[in-house]
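Here the structure comes first, spelled out in structure tokens, and everything after it is commentary.
The values are calculated or read from the model by the stated rules, or taken from the named source; none is laboratory data. In this text the structure is predicted, and so the values were computed from the model without any measurement. Cβ sites come from the backbone with ideal geometry, for glycine too, and all protein chains shown count toward neighbours. These area figures cover heavy atoms from the full protein model, side chains too; ligands, DNA and RNA do not enter into them. Shrake-Rupley method; radii C 1.70, N 1.55, O 1.52, S 1.80 Å.
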Amino acid sequence: KEISKFICASSSSVYGDNAALPLRESGPVAPVSPYGVTKLAAEHLARLYAANFGLPTVSLRYFTVYGPRQRPDMAFHKFLRAIYAGQPIPVYGDGEQTRDFTFVADAVEANVACMSHGAPGAYFNIGGGSRVTLNECLDMLREVTGREVRIERQGAQHGDVRHTWADTTAARDVLGFRPRVALREGLAAENTWFRAVVLARGLG
């Protein structure tokens, strides 16, 4: 059966520790982690197959996707688990590093839009427009959970970029992508899911 569109799940990690913010698709890519290197390699393969074999690929560079059903190894899931268990959350560095967070439903909308838009070999930033510091995230989690948030300060992590912030102009113009869910609303939704599903089963 003919493939109508192949969407490559890439990442903002391909940009590395780039000081030129917001991050644009036309900017340099220089990943500083093995994860980022593999994502950039996947993008190259997607563009190669588009150019050489006519495979209609589009790569989406997701910026820190979160929300209900988040994997247990991801940050907000781990933070919620620690909060409800009364355990400290390890914070690497000063907590002033920033991320552009993307709610999962917004990421899904971007994927759906790609089915009918985006030229073969194209790539787009998919961000949530919620660039905040880690410290601000912890304050929001304190509000939405109504619980104490204990913090354990640790040294900065190698391969962890200082800031991310997506310029989503191309995704807006070509895909019609516009993020709808603000970070506080998204964290409240993830907390509601966490309580209903994870806490209901026991933290283990």
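Table for the structure above
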| quantity | calculated |
| --- | --- |
| Segment Asp160-Ser26, extension gain: residue separation times 0.36 nm, minus the distance between their alpha carbons | 46.0 nm |
| Relative contact order, percent, the chain [alpha-carbon distance under 8 Å, six or more residues apart] | 28 percent |
| Estimated 222 nm signal from helices in the chain, with DSSP H stretches of n ≥ 4 weighted -39500 (n - 2.57), rounded to 500 | -10000 deg cm²/dmol |
| Pairwise FRET efficiency - Ala119 versus Arg69, Cβ, R0 = 41 Å, nearest 0.05 | 0.85 |
| Amide H within-cut-off set for Ile7, under 5 Å, with H built and near neighbours excluded | Val58 |
| Residue-normalised accessible area of the chain, given per residue in Å² at a 1.4 Å probe | 52 Å² |
| Magnitude of the charge dipole, the stretch 1-54, Cβ model with Lys/Arg +1 and Asp/Glu -1, debye to 20 | 140 debye |
| Environment charge at Tyr15 (Cβ cut-off 12 Å; Lys +1, Arg +1, Asp -1, Glu -1) | -1 |
| Among beta bridges that DSSP assigns inside the stretch 76-194, antiparallel share in %, nearest 5 | 40 percent |
| Of all accessible heavy-atom area on the stretch 1-106, the percent that carbon and sulfur account for (1.4 Å) | 61 percent |
| Shape of the stretch 1-133, Cα gyration tensor, a/c cut at 1.5 | prolate |
| Highest-fluctuation residue, Tyr62, Tyr123, Tyr49 considered, GNM on the chain with Cα pairs under 10 Å | Tyr49 |
